[in-house]
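These notes concern the structure reproduced below.
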Amino acid sequence: MLCFDYINTLSMSVAYGILIGRFQIPHIGHIELIRDVLTKCNHLILFIGSSFLDDTILRTKKNPFTFTERCTMLSVCFTQDELEKISFIALSDYPDDNDWFKAINSVTNAINYKNESVGIFGYVKDDTSYYLKCFPQYQYLVLSNCFHDGLSSTPIRERFLLTGLIDQSVLHPNVVEYLRSIDRDAINACIQN
């Protein structure tokens, strides 16, 4: 069960919420997190990390799904009303964190042209979550350490790519359907080590 115990609790919602993730297969914890954030902001800027605007970029074992594929998997989990509140944004990797931060700020400022309140939401999973504290201009809204008992996309993704097995207990039914519909062998053939 996903815990919604916020370190910094909002007395009211923010105009724009920021949520960043790779979603390299989006699991039920991701979907519950996004749904909860949607109740705390008027509009969600959902950054899909390790993405490239050109979906022909090489696939890797860690990032086998393209931005478009991940947007599709996420989109099929939400209602039309929820989707109208979400902007899916491709976020590339950068060798320098400062460039990554600038990219997030640039997109956020373009969407939030009226300079309304912004909150960055997240879950402190491990050392890779340090970035949540790197945006002092936004309200910092972080979940405590309870997230479906450490549910991670890594073993779900690895099992699917290696064997074709889909763990239906941790995936939204529409994501399961999507994974069944794609050509896993074609994805594996494109993966670069």
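Before moving on, here are some points about what is shown:
- Global size of the chain: 16.4, 50 Å for Rg and Dmax (C-alpha atoms, Rg to one decimal, Dmax whole).
- Along its three principal directions, the equivalent ellipsoid of the range 77-144 from the Cα gyration tensor extends over semi-axes of 21, 17, 14 Å, largest first.
- Sulfur and carbon atoms: percent of accessible area, the chain [1.4 Å]: 52
- Qualifying lysines (Cα of each under 20 Å from Cα of Lys133; at least 8 residues distant if same chain): Lys40, Lys102, Lys125
- The residues of the chain have, on average, 52 Å² of accessible surface per residue, using a 1.4 Å probe with all protein chains present.
The values are calculated or read from the model by the stated rules, or taken from the named source; none is laboratory data. Every value quoted in this text rests on a predicted model; they were computed, and no experiment measured them. Accessible surface is based on the protein model in full, side chains and every heavy atom, while ligands, DNA and RNA are left aside. Shrake-Rupley method; radii C 1.70, N 1.55, O 1.52, S 1.80 Å.
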